[in-house]
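Enquirer: My questions will all concern the structure given below.
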Amino acid sequence: MIKLLAIAGLAINASLATLAFASEATVIHVASTFPLSLPLFSEAVGRISEQVDSLTDGQVKLVFHVPGNLAPVSDTMNRVSTGEIKAAWSTAGQFSGHDSAFELLSSIPFGPRSIEYMAWMFEGGGLTLSRELFTSYGIHNVPCLVLPPEGAGWFSKEIRSVDDLKGLRIRFFGLGGRVMKRLGAVVLPIPPGDIVDAIKSGELEAAEYSLPSMDLTLGLQNVANYYYFPGWHQQSTFYELYINDATWRELTPKQQDTIETVCAAVMRDGISRAESMQMDALNEIKKQGIKLRRWSPELMLTFEAAWTAVAEEEMALNPKFKEIYKSYERFHGNYEAWKRFSYLH
């Protein structure tokens with residue numbers, strides 16, 4: 001009997017220790033600025049959450065929330081900066097209201113393919129510059145996903161010349177939106193989940209959002225007739241986990257390394273997954289009667305000239321924008337020589 005009581009006592013103590021250990025887990029609530037039901041996003045955040053939980057033995061839990069659940073989308077990044085929200089799932093361009101340089105860390109018009117963007121980010125100094133900028137706002141950023149070229153937008157009519165853009169009410173993100181505005185379009189900052197309804201109501205006449213697979217899920221094929229390519233404004237796009245700097249410092253070095261490593265693995269898988277999904281999505285879009293169009297050479301030259309002017313203006317106004325853009329341009333210039341001699345196209 002004494003033995004049994006001793007064993008029972010040990011079991012109770014072990015159970016209490018386990019409960020105490022579990023109660024010490026760090027739970028980080030993550031506010032997303034993008035619909036989590038969309039392809040690639042849903043897979044990415046699911047894997048990040050599951051693998052961080054598993055590899056830290058349940059000691060770090062990332063709980064992702066749909067847009068607007070923890071904060072308005074437009075204010076999500078601000079609240080991560082102040083610590084009111086511990087983390088966000090977003091892209092750097094969402095923080096551009098504080099500094100236009102953030103835009104360059106999200107995507108660059110007429111910029112690099114994913115592999116070159118990653119090379120600059122991880123080997124060419126981009127991540128160092130990125131973290132310097134985010135740290136100044138009390139945020140630690142972890143790149144977790146890079147997506148291939150987006151579509152260039154959905155339109156109810158063909159765009160034959162720059163005159164067709166003048167006065168056009170369009171949803172267009174980031175620096176590409178600055179270009180469209182420069183060319184006379186009326187650019188409206190509509191959140192992704194509201195785009196379709198905004199077109200139905202007449203608030204918008206056109207919109208760009210993301211990859212064909214995401215646009216298809218969002219339902220843009222139901223409210224437009226023409227889908228334009230290439231996505232000159234976002235040839236590749238980084239998505240990241242943004243953690244309040246104080247919250248990040250509370251994690252152990254091993255826990256920090258785990259989050260960085262999991263995000264790197266998710267990024268690797270996301271590249272192949274994203275590229276492989278778009279053919280089926282385009283075929284489905286064509287089946288639904290949508291006309292696929294490529295921009296004319298004349299319009300592409302117009303877009304590029306407008307982007308050059310936007311970049312020059314912004315560099316003159318913002319030293320940090322200039323520092324980051326010049327870093328990318330130096331890397332790109334060197335990379336071009338390698339690409340020209342080594343790749344078939």
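Enquirer: Of the residues Q278, Q256, Q235, which single one is crowded, with 16+ Cβ neighbours inside 10 Å and in contact with a His (Cβ under 9 Å, 6 or more places away or on another chain)?
Expert: Q256
Enquirer: Name, by its number, the condition in (1) at pLDDT below 95; (2) of a type outside the set (D, E); (3) within 21 Å of M214 (Cα to Cα) that does not hold for G46.
Expert: (1)
Enquirer: Is there a residue in the range 143-160 that is among the aliphatic types (A, V, I, L, M), assigned to a loop (DSSP other than H, G, I, E, B) and in contact (Cβ under 8 Å) with a residue 40 or more places away in the chain?
Expert: The answer is yes; a qualifying residue exists.
Enquirer: Same structure again: Of these, G176, G93, G167, which one is within 16 Å of the chain's Cα centre (by Cα) and not assigned by TED's automatic domain parsing to the domain that holds V266?
Expert: Numbers: G93 fails: not assigned by TED's automatic domain parsing to the domain that holds V266; G167 fails: within 16 Å of the chain's Cα centre (by Cα).
When all the criteria are applied, what remains is G176.
Enquirer: Name the one entry in L175, L129, L105 that is surrounded by fewer than 22 Cβ atoms within 10 Å (Cβ to Cβ) and under 22 Å from L317 (Cα atoms).
Expert: Working: L175 fails: surrounded by fewer than 22 Cβ atoms within 10 Å (Cβ to Cβ); L105 fails: surrounded by fewer than 22 Cβ atoms within 10 Å (Cβ to Cβ).
Answer to the selection: L129.
Enquirer: Could you please find all residues in the range 181-193 being under 20 Å from the mean Cα position of the chain (by Cα) and surrounded by 16 or more Cβ atoms within 10 Å (Cβ to Cβ)? Explain how you work it out, then say what you get.
Expert: Just the residues of the range 181-193 that are under 20 Å from the mean Cα position of the chain (by Cα), to begin with: 187-193.
Hits for the range 181-193 are V187, L188, I190, P191, P192, G193.
Enquirer: Quick one: is V262 in contact with a Cys (Cβ under 6 Å, 6 or more places away or on another chain), modelled with pLDDT of 95 or more and not small (G, A, S)?
Expert: Numbers: in contact with a Cys (Cβ under 6 Å, 6 or more places away or on another chain): no; modelled with pLDDT of 95 or more: yes; not small (G, A, S): yes.
Criteria not met by V262.
Enquirer: Only one of V73, V66 is at pLDDT below 95 and more than 19 Å from L251 (Cβ to Cβ); which?
Expert: V73
Enquirer: I'm checking my understanding of the structure. Among residues of the range 200-232 that are part of a helix (DSSP H, G or I) and touching a helix residue (DSSP H, G or I) at 6+ places or on another chain (Cβ under 6 Å), which one is surrounded by the most Cβ atoms within 10 Å (Cβ to Cβ)? Explain how you work it out, then say what you get.
Expert: Taking the range 200-232 first, the residues part of a helix (DSSP H, G or I) are 200-201, 212-218, 220-222.
From what's left, touching a helix residue (DSSP H, G or I) at 6+ places or on another chain (Cβ under 6 Å): 212-213, 216, 221.
Values: P212: 26, S213: 23, L216: 24, Q221: 21.
Checked the range 200-232; the qualifying residue surrounded by the most Cβ atoms within 10 Å (Cβ to Cβ) is P212.
The values are calculated or read from the model by the stated rules, or taken from the named source; none is laboratory data. Keep in mind that what you see is a predicted model, and the values were worked out from it rather than measured. Because the Cβ atoms are built from the backbone with ideal geometry, glycine has one as well, and the counts that use them run over all protein chains shown.
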